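Contents: one structure, followed by commentary.
The values are calculated or read from the model by the stated rules, or taken from the named source; none is laboratory data. It should be emphasised that the depicted structure is a prediction, and the values quoted were computed from it without experimental measurement. Cβ sites come from the backbone with ideal geometry, for glycine too, and all protein chains shown count toward neighbours. Heads up: the accessible areas ignore ligands, DNA and RNA and are worked out on the full protein's heavy atoms, side chains in. Shrake-Rupley method; radii C 1.70, N 1.55, O 1.52, S 1.80 Å.
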Amino acid sequence: MSNFLGLFRWWKLLWLYSGFSICLLYVYQLPVGIPNMFHLIADIGLYKVSADSGWQESCSGISLMVFYYMVSFIKHDLEEMEFIMSVRQGSLTEQLLPSTNSFFVRQLRSGVRHTNILLRGTVFRFFSINWFTYGFPISLFALSYWSFHFASMCAFGLLAYVGYILYAFPSLFRMHRLNGLLLVFILLWAVSTYVFNVAFAHVNWKPGKDMEIWEMIGLWHYPIPGFFLLAQFFLGVLVAIGNLVNNSIFLCMSNEERQSSNENETEEVKKDAEVLIVATVAWGLRKCSRPIMMLLMFLIAMKQGFIHAVYVIFFFVYLLSHNINKGIRQSLILLCEAHFAILYILQLNLVSRKLERKGSINVEVLSQLGFLESDSSRDFLQIALLACFCAIHNHGFEMLFSFSAIVRHTPCHPIGFSILRAGLNKSVLLSIYASSNIRDDCENSSDERKVALYLGAVEKKFLSMYRSFGTYISFLTILLAAYTVRPNNTSFGYIFLLLVWIIGRQLVEKTKSRLWFPLKVYVISIFIFIYILSIFPTVETWVSTKVDLNISLGYDTEAPLLRNLWESLAIMIVMQLYSYERRRSKNIKPEDPNPLQSGILAFTKRFMIWHGQKILHIALFYASLSPISAFGFLYLIGLVFCSTLPKASRIPSKLFLIYTGFLVEAEYIYQMWGKQARMFPGQKHYDWSLLLGLQVYRPSFEGLEAGLRANFGDCCMYPSV
């Protein structure tokens, strides 16, 4: 069946109508008297052609004549094609048809007649496969851009189509039918716009308040409506080209003679290096897609309102869940699309003006939900990107696999097919999207197993690197977060749980989840509590009447949301990375139990192990003298007592770890509550501070770091287990 089925069946009516229009236009130019009734008809589309005529009238007349002569030129071919379409394929009449001197008919080498014009030349094939490959995202972008440039309820229908594609991602054949419905919708909209402008000109409507309703529907009045209709026409052409190309590709797959599958498989495995490179890049992008989605969710959730708080729920689901199933991603897409739709409707001129006229009640309700916040264009972009990433996660494998099956069996390949061929390799797709069990499955093909094992080795390398430094990255991040804020109860909790982690892993000589997991739970709780205070002002007002938020939590009521959340957010990220590395490392058998066997880091580690006791004694002696105090005297007594123990004994180090942790907590508590206890310089109980050796640190990062540096150095003296 032809792609131009409608043209081949209705071309005579178009040809006769264009000839009739040319005749009317010619008669209208004659210098003779014309009845008044004819003048009424002429106002609809006829005009006088003269030297003073505008370019619109000239272009309209020339286009009409060019169309008439073009159809007349191929009239015989169209008649022949119409006759071919009127008979059933495979009948005796078809066999008697002429096979030469036909513009639209092509006969394959197998003897089968084909009426697809795009299968005739190389140019058409080249255009078809490239549009099939790259035209889909272009079409979605064009529909989305149109919807925003001509915002209306009709344009919202285009957005609904894009939203359905992202949510369901139908098969190519079903999308082919949906594009037909979309094309009918666009054409009906264009016809309605044209009729509206004609009626506006002849009914003598005056622009006023009623125009707001028509504009919200999608019907605009323009002095020259042809521009808007031309834009609608090009949008319809874009959708029609997509349908035309899809139909051509499907027919090409079903009728074109192809090489055997064995030859294709031999060609696929020629460039192993290229396949592995593309697989590595694709694997990295897939691993990065989840953090990108979480970043987008966090950026959206940084505004006040209930709708933004829902994104935080999904943020924590993605943060804490090991595997995100399809249902969660589908729910997130629905949330994005609902949020997007409400923002879009609120941007319509009539709706926004109605809200302004209604007063503060509706505006207050919408602001509580978070729909009247700041930059709408940035919100639209963030929500759209999040929905796209979710759609790719949900339907990426099925889409790429079906696309690969189609592109590989077309006689003409698209631009950049060498890279596409490597990326669409079945082994690559299965290795990236399938579960990790495929790497241990011996029944898979050699290509799939080769790519899977390679990607597994890459993942092991990254995990090994992070395992070597991940603990220290977590320690430093927590200390930086605690040092950069004024001492408060929240930061004290960070330091206390960090000391439990550091000291506990040295005491039990092994890192266990019960040592670091309380810190993860604590930081998540703090993040949720501070977020609730920032998003809901009523909660913030009520809590501030009970406690001083700045002193107790380090919460600044005047600061933006990110300023209050960045400490807990940074710690939460590093703790999640640490827990992810621990969870993944349990399932991987390390080939090298000690990755730091050589190099400067290995030398430093061995040096600390061999001479750790000497360095510890020096540090303890320095701590007992700076300053000279009761706490320092206990250091000195412990140093003398432990010097009598055997060199291999671990009792001294464990005792001093516990004692040093106690001192760190005591000094930090002194920075918070020393003034209330009247133990600061110049106060009543300052002598007790001198006796114990407690000092007031400078209220800055440098002050806290310098004051706690020595004690934390003692805690981290021995290498991590």
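Couple of notes before you dig in:
- Distance between the modelled labels on V27 and R606, one decimal in nanometres: 10.6 nm (7 Å Cα→Cβ projection).
- If R0 equals 25 Å, the separation of the Cβ atoms of Y686 and N550 corresponds to a calculated FRET efficiency of about 0.50.
- With every protein chain in place, the range 137-191: carbon and sulfur % of accessible area (1.4 Å): 79
- F536 accessible area, 1.4 Å probe, all protein chains in place, Å² to nearest 10: 60
- Heavy-atom accessible area per residue - the range 599-667, 1.4 Å, Å²: 60
- Taking label positions 7 Å along the Cα-Cβ direction at both T538 and A338, the computed distance is 2.0 nm, reported to one decimal.
- Probe 1.4 Å - accessible area at H395, Å² to nearest ten: 20
- For the range 460-584, the Stokes-Einstein estimate of translational diffusion at 20 °C and a viscosity of 1.002 mPa s comes to 138 µm²/s, using the Kirkwood hydrodynamic radius over alpha-carbon pairs.
- Extension gain from A142 to I669, taking 0.36 nm per residue of separation minus the Cα-Cα distance: 183.7 nm
- Working note: Debye formula, equal point scatterers on the alpha-carbon atoms of the range 491-556, no solvent; log10 I(q)/I(0) at q = 0.21 Å⁻¹ is -0.84.
- Annotation note: GluC sites (Glu not before Pro) in the range 491-596 located in DSSP loop regions with a Cβ neighbour count of at most 13 within 10 Å are E509, E558, E591.
- Rolling a 1.4 Å probe over the protein chains gives T557 an accessible area of about 70 Å².
- At R0 = 56 Å, FRET efficiency that the Cβ-Cβ distance of A648 and V521 yields, to 0.05: 0.90
- Under Karplus coefficients 6.51, -1.76 and 1.60, residue-wise ³J(HN,Hα) of the range 508-516 in Hz, glycine/proline x: 8, 6, 6, 7, 10, 5, 5, 7, 9
- Subset of K510/K675; K512/K675; K303/K460; K326/K586 violating a 31 Å alpha-carbon distance limit: K510/K675; K512/K675; K303/K460
- Between F306 and F641, full extension at 0.36 nm per residue minus the direct alpha carbon distance yields a gain of 114.5 nm.
- Estimated FRET transfer efficiency when R0 is 41 angstrom, pair T484-F397 (beta carbons, to 0.05): 0.40
- With 0.36 nm allotted per residue and the present C-alpha distance subtracted, the S289-Q56 stretch has 78.8 nm of extension available.
- With a simple spin-label model that places each label point 7 Å from the Cα along the Cα-to-Cβ direction, the separation between Y622 and L64 comes to 9.7 nm.
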